[in-house]
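Right, one structure below, let's go through it.
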There are 2 protein chains.
Amino acid sequence: MEYITLEKTVTQLAQEKKYKILRDIMNAASAFDLADVFDTLPADKRPVLFRLMKKELAAQVFVELQDDIKEQLIRSFSDKELADVLNELYVDDAADLVEEMPANVVKRILLHASPDMRKMINEILRYPEDSAGRIMNTEYISLRATMTAEHAVTYIRQTGFDKETVNTLYVIDKSRKLIGVVSIRALLFSDGGELIENIMDTNAIQSVTTVDDREVAALLFERYDLTELAVTDTEGRLVGIVTVDDAIDVMQSEATEDIEKMAAITPSDKPYLKTSVFETFSKRIPWLLLLMVSATFTGMIISSFEGALAALPALTAFIPMLMDTGGNSGSQASVTVIRGISLNEIAFSDTFKVIFKEFRVSLLCGLLLSAASFAKICLVDRLIMGNNVSISVAFVVSLTLLTTVVAAKLVGSFLPLAAKKVGFDPAVMASPFITTIVDAVSLLNYFFFASILLSI
Amino acid sequence: MEYITLEKTVTQLAQEKKYKILRDIMNAASAFDLADVFDTLPADKRPVLFRLMKKELAAQVFVELQDDIKEQLIRSFSDKELADVLNELYVDDAADLVEEMPANVVKRILLHASPDMRKMINEILRYPEDSAGRIMNTEYISLRATMTAEHAVTYIRQTGFDKETVNTLYVIDKSRKLIGVVSIRALLFSDGGELIENIMDTNAIQSVTTVDDREVAALLFERYDLTELAVTDTEGRLVGIVTVDDAIDVMQSEATEDIEKMAAITPSDKPYLKTSVFETFSKRIPWLLLLMVSATFTGMIISSFEGALAALPALTAFIPMLMDTGGNSGSQASVTVIRGISLNEIAFSDTFKVIFKEFRVSLLCGLLLSAASFAKICLVDRLIMGNNVSISVAFVVSLTLLTTVVAAKLVGSFLPLAAKKVGFDPAVMASPFITTIVDAVSLLNYFFFASILLSI
């Protein structure tokens with residue numbers, strides 16, 4: 001059933017309390033769609049409907065719910081219901097839950113989780129925030145090199161049922177060190193008597209350590225077309241795996257974070273429509289205040305040239321165009337470089353290459369914009385509109401454009417790389433920040449050329 | 001071997017012509033790393049080194065190379081070598097190749113591809129650009145509902161060897177309509193005598209049609225945590241699958257495209273460092289020109305209030321701050337909404353919710369910024385710096401800030417939604433475009449309040 005139809009049908013049937021039909025419909029739907037339906041259901045209907053689902057499906061739906069709905073459901077669960085849901089969860093999802101819930105709910109969760117689960121949750125939560133350890137699953141299948149293919153298949157059948165994935169199997173030695181990987185496909189295509197050590201791939205095994213940044217893990221998925229990635233401790237012992245669905249979530253949220261930072265917003269984990277007005281406000285206002293204060297600097301430059309502007313009022317009219325073009329040129333460069341850094345396409349060692357390239361691009365852009373602006377002032381402003389703009393003013397404007405565009409692109413491409421080098425987030429060096437700097441540069445250029453060439 | 005070490009070692013050994021050691025090292029490395037090494041190798045070394053690799057690895061490396069290097073290698077291939085590489089390729093990669101190469105190379109490729117391969121390539125290239133059909137692989141495993149699990153495993157062993165993935169198996173009926181999916185895991189955990197129709201999942205099977213946008217396919221991977229997605233024709237008959245690695249590439253390139261459009265850059269497929277100076281210039285200059293011309297409008301507003309500015313020169317100094325704060329407020333809203341639309345979190349039907357939320361956020365932001373600006377002018381500009389700024393001017397500036405921030409956030413959130421509705425790309429409605437509009441709005445507000453409250 002399509003998601004939209006599902007939402008309408010379930011809401012309708014819940015209203016009419018037709019639980020028998022509801023049970024059939026829900027148990028035939030996708031967990032991801034059902035989670036979205038729960039988001040829109042009236043709060044008092046949720047516990048009733050949750051109980052209609054089969055255990056396994058209920059757990060799958062539970063994982064996908066919004067935090068506040070998870071909390072509401074847990075509070076409505078009996079102890080047995082809570083234990084049932086917890087035991088169906090994968091450890092990484094259970095650890096997420098513990099991280100997200102308020103303290104009193106966490107206490108109840110840990111009380112009703114099995115001792116094994118509790119131990120694994122605590123282990124995962126020991127790793128740094130945003131580390132690979134935090135998103136790994138500790139339930140994976142490990143084989144020994146001395147097993148036969150047939151033995152391995154039997155072993156997987158016996159132990160693999162509650163594992164998140166069996167697409168890739170990990171081969172470890174006696175000290176639990178990762179020594180090879182076998183795809184389920186290679187296993188299927190082998191003779192039953194073949195030893196795992198002859199089937200496994202030992203070349204270029206991709207892995208991260210528990211403390212590596214989760215972004216590093218996500219980029220490996222992209223680079224090596226993986227569906228799972230091994231996670232080891234710092235001694236190379238296998239402790240978990242990251243699955244591709246979690247890597248995709250990391251990629252998308254890192255891209256969103258970069259975009260938000262580029263627009264001078266403190267990143268938030270929640271979808272826009274789920275964020276309260278005050279939260280959205282608090283993510284945006286510090287940057288607006290900061291940038292407003294730094295724009296004051298630009299105002300001071302203008303104030304100190306008040307005399308020049310009074311002597312030649314026509315100059316004022318070009319200020320917005322110069323500032324905007326400078327800002328746009330700078331953010332084109334900075335945004336390109338920031339994205340390149342995020343995708344691991346540009347490193348600090350490329351700084352010279354980047355700067356030299358931006359210099360040439362900016363010369364081309366600057367020359368063309370200057371020429372266009374000069375022609376436009378002469379043709380449109382002077383001839384057509386008959387404004388009182390002298391050729392010398394047109395020349396000053398064009399010269400300022402050229403130098404501003406070059407400066408903007410150099411600043412825009414260099415700052416993110418420098419930020420990366422000193423350990424800051426390159427994305428923060430994007431448009432608004434660079435605009436503020438470029439504004440000042442363009443005005444200083446403008447008044448410099450004006451004072452020399454127009455002798456004011 | 002780490003990628004950096006690999007690059008150095010291979011380059012060194014190639015220089016010394018130690019091909020025997022090279023063969024061993026290369027055949028033990030990852031195809032993705034080797035592809036990067038080929039990028040940096042001198043052109044004359046590439047054909048020699050390419051021939052050192054085993055057939056299968058060579059094909060994997062070939063797929064990952066840059067277009068110009070692919071072309072160079074194909075031109076160096078004998079007919080037999082070309083046929084060997086082509087026959088190892090998956091159809092989606094072969095179709096990509098045909099799409100990317102110049103006409104005379106394509107002719108040779110199609111001549112040496114097997115008739116089957118040629119037919120499949122042509123089929124894929126019939127689908128619209130950026131459609132799911134273009135990124136699908138036509139080599140997948142389909143089962144019949146009446147097979148037993150044991151029979152299915154034997155069938156997969158016989159036919160699955162050259163398929164890209166066996167993680168998910170597709171069950172079709174006599175007319176090739178998709179009726180269910182079986183994970184390899186479910187198959188492994190079943191009794192050998194069990195019928196596929198009892199193991200397969202028939203609920204909520206995710207699929208796209210060949211003509212759906214590839215972005216739609218990518219979003220399904222994210223929403224439903226898939227590793228493969230079925231592609232059907234418009235009659236529901238299975239024709240191919242999309243694998244998660246291709247979906248990830250789509251996600252990342254869509255995010256990059258959005259980011260580039262937001263910064264007023266025409267998107268490009270190539271990594272930054274691979275793009276020529278002229279190409280980069282040509283992706284940026286049209287937008288800079290367009291935005292420069294529209295900024296002229298702002299200049300005209302200032303020109304028409306030249307008298308007011310001459311009467312009260314202190315007003316000019318606040319123009320940059322008002323314009324920048326308006327622009328930043330607007331782009332915060334637009335960028336958030338654009339990303340929400342891209343991730344399918346915000347639809348046009350949410351317009352009212354979005355606007356109402358942005359209105360409340362903008363009131364909070366506007367009030368706080370106004371108060372801060374008023375306090376700053378009174379304390380810093382007047383008391384500390386002793387500038388000639390009257391309380392009325394401070395009041396005009398604060399009032400303008402409030403109305404500008406509100407207007408900027410409303411425009412910034414509404415325009416992307418409106419663009420989406422009429423079929424334009426929301427990302428184009430980002431910062432630079434909105435800045436231009438907001439600049440005009442803020443200046444008009446400013447002069448309006450100034451003329452009323454300062455009677456100039």
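Please work out if B:L273 is hydrophobic (A, V, I, L, M, F, W, C), surrounded by fewer than 20 Cβ atoms within 10 Å (Cβ to Cβ) and modelled with pLDDT under 90. Give the steps one after another, and end with the answer.
Details: hydrophobic (A, V, I, L, M, F, W, C): yes; surrounded by fewer than 20 Cβ atoms within 10 Å (Cβ to Cβ): yes; modelled with pLDDT under 90: yes.
Taking the combined requirement at face value, the residue satisfies it.
Hey, can you tell me all the residues within region A:234-268 that are over 26 Å from B:T336 (Cα atoms) and assigned to a loop (DSSP other than H, G, I, E, B)?
A:T234, A:E235, A:G236
Out of everything in region A:58-70 that is farther than 21 Å from A:N122 by Cβ and part of a helix (DSSP H, G or I), what residue ends up being nearest to the chain's Cα centre (by Cα)?
The selected residue is A:E64.
Quick one: A:R339 ticks every box in (1) of a type in the set (K, R); (2) within 21 Å of B:E257 (Cα to Cα); (3) surrounded by fewer than 17 Cβ atoms within 10 Å (Cβ to Cβ) except a single one, so which number is it?
Against the list (1) of a type in the set (K, R); (2) within 21 Å of B:E257 (Cα to Cα); (3) surrounded by fewer than 17 Cβ atoms within 10 Å (Cβ to Cβ), A:R339 comes up short only on (3).
Just checking, which of B:D68, B:D36, B:D44 is closer than 28 Å to B:Y272 by Cβ, of a type in the set (D, E, K, R), in contact with a Leu (Cβ under 9 Å, 6 or more places away or on another chain) and assigned by TED's automatic domain parsing to the domain that holds B:D93?
On the way: B:D68 fails: in contact with a Leu (Cβ under 9 Å, 6 or more places away or on another chain); B:D44 fails: in contact with a Leu (Cβ under 9 Å, 6 or more places away or on another chain).
Of B:D68, B:D36, B:D44, the one residue that is closer than 28 Å to B:Y272 by Cβ, of a type in the set (D, E, K, R), in contact with a Leu (Cβ under 9 Å, 6 or more places away or on another chain) and assigned by TED's automatic domain parsing to the domain that holds B:D93 is B:D36.
Return only the number of the condition from (1) within 29 Å of the chain's Cα centre (by Cα); (2) under 30 Å from A:R75 (Cβ atoms); (3) buried (at least 19 other Cβ atoms within 10 Å of the Cβ) that A:A113 does not satisfy.
Failing condition for A:A113: (1).
In region B:342-395, how many residues are among the small types (G, A, S) and surrounded by fewer than 17 Cβ atoms within 10 Å (Cβ to Cβ)? Don't jump to the end; show me each part of the working.
As a first pass, look at region B:342-395 and keep what is among the small types (G, A, S): B:342, B:347, B:349, B:362, B:366, B:370-373, B:375, B:386, B:390, B:392, B:394.
When the remaining residues are screened for being surrounded by fewer than 17 Cβ atoms within 10 Å (Cβ to Cβ), the result is B:347, B:349, B:371, B:375, B:386, B:390, B:392.
So the answer is 7.
So that you can scan it fast, the table gives a plain yes or no per residue for (1) without any contact (Cβ under 8 Å) to a residue 40 or more places away in the chain; (2) more than 7 Å from every other protein chain (Cβ to nearest Cβ):
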position: B:I199; (1), (2): no, yes
position: B:D212; (1), (2): no, yes
position: B:T232; (1), (2): no, yes
position: B:L238; (1), (2): no, yes
position: B:D245; (1), (2): yes, no
position: B:V250; (1), (2): no, yes
position: B:S253; (1), (2): yes, yes
position: B:S268; (1), (2): yes, yes
position: B:L273; (1), (2): yes, no
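Note down all Cβ pairs under 8 Å where the first residue falls in region A:283-295 and is closer than 15 Å to B:L322 by Cα, the second is of a type in the set (D, E), and they're at least six residues apart or on different chains.
Pairs that qualify, where the first residue is closer than 15 Å to B:L322 by Cα and the partner is of a type in the set (D, E), are A:L291/B:D324; A:M292/B:D324; A:A295/A:D439; A:A295/B:D324.
Exactly one of (1) surrounded by 19 or more Cβ atoms within 10 Å (Cβ to Cβ); (2) on the phi < 0 side of the Ramachandran plot; (3) in contact with a helix residue (DSSP H, G or I) (Cβ under 7 Å, 6 or more places away or on another chain) is unmet by A:A264. Its number?
Only one criterion in (1) surrounded by 19 or more Cβ atoms within 10 Å (Cβ to Cβ); (2) on the phi < 0 side of the Ramachandran plot; (3) in contact with a helix residue (DSSP H, G or I) (Cβ under 7 Å, 6 or more places away or on another chain) is unmet by A:A264, namely (2).
Going by what's in this entry, would B:V293 be described as more than 25 Å from the chain's Cα centre (by Cα), within 8 Å of another protein chain (Cβ to nearest Cβ) and surrounded by fewer than 17 Cβ atoms within 10 Å (Cβ to Cβ)? Before the answer, list the steps.
Working: more than 25 Å from the chain's Cα centre (by Cα): yes; within 8 Å of another protein chain (Cβ to nearest Cβ): yes; surrounded by fewer than 17 Cβ atoms within 10 Å (Cβ to Cβ): yes.
Yes; evaluated as a whole, the condition is true for this residue.
Within region B:298-325, track down each residue that is closer than 30 Å to A:L367 by Cβ, more than 7 Å from chain A (Cβ to nearest Cβ) and in contact with a helix residue (DSSP H, G or I) (Cβ under 6 Å, 6 or more places away or on another chain).
Within region B:298-325, just B:I301 meets the criteria.
Testing B:P286 on (1) facing chain A (nearest Cβ under 8 Å); (2) within 30 Å of B:V216 (Cα to Cα); (3) of a type outside the set (A, V, I, L, M), one condition comes back false. Which one is that?
Condition (1) is where B:P286 drops out.
Could you give every pair whose Cβ atoms fall below 7 Å, whose first residue belongs to region B:376-387 and is within 12 Å of another protein chain (Cβ to nearest Cβ), and whose second residue is of a type outside the set (S, T, Y) and assigned to a loop (DSSP other than H, G, I, E, B), counting only separations of at least 6 or pairs across chains?
B:I377/B:V389; B:D381/B:N387; B:D381/B:V389
Here are some conditions: (1) closer than 19 Å to A:E228 by Cβ; (2) crowded, with 20+ Cβ neighbours inside 10 Å. A:L82 meets all but one. Which one does it not meet?
The one condition A:L82 does not meet is (1).
Condition first: over 18 Å from B:K283 (Cβ atoms) and among the β-branched types (V, I, T). Now tell me which residues in region A:336-377 satisfy that.
A:I341, A:T351, A:I355, A:I377
In region B:36-58, which residues are surrounded by fewer than 20 Cβ atoms within 10 Å (Cβ to Cβ) and under 20 Å from B:A83 (Cα atoms)?
B:R46, B:P47, B:V48, B:R51, B:L52, B:K54, B:K55, B:E56, B:L57
The values are calculated or read from the model by the stated rules, or taken from the named source; none is laboratory data. Here the structure is a predicted model, which means the values were calculated and not measured. Glycine also receives a Cβ, built like all others from the backbone with ideal geometry; neighbour counts cover every protein chain displayed.
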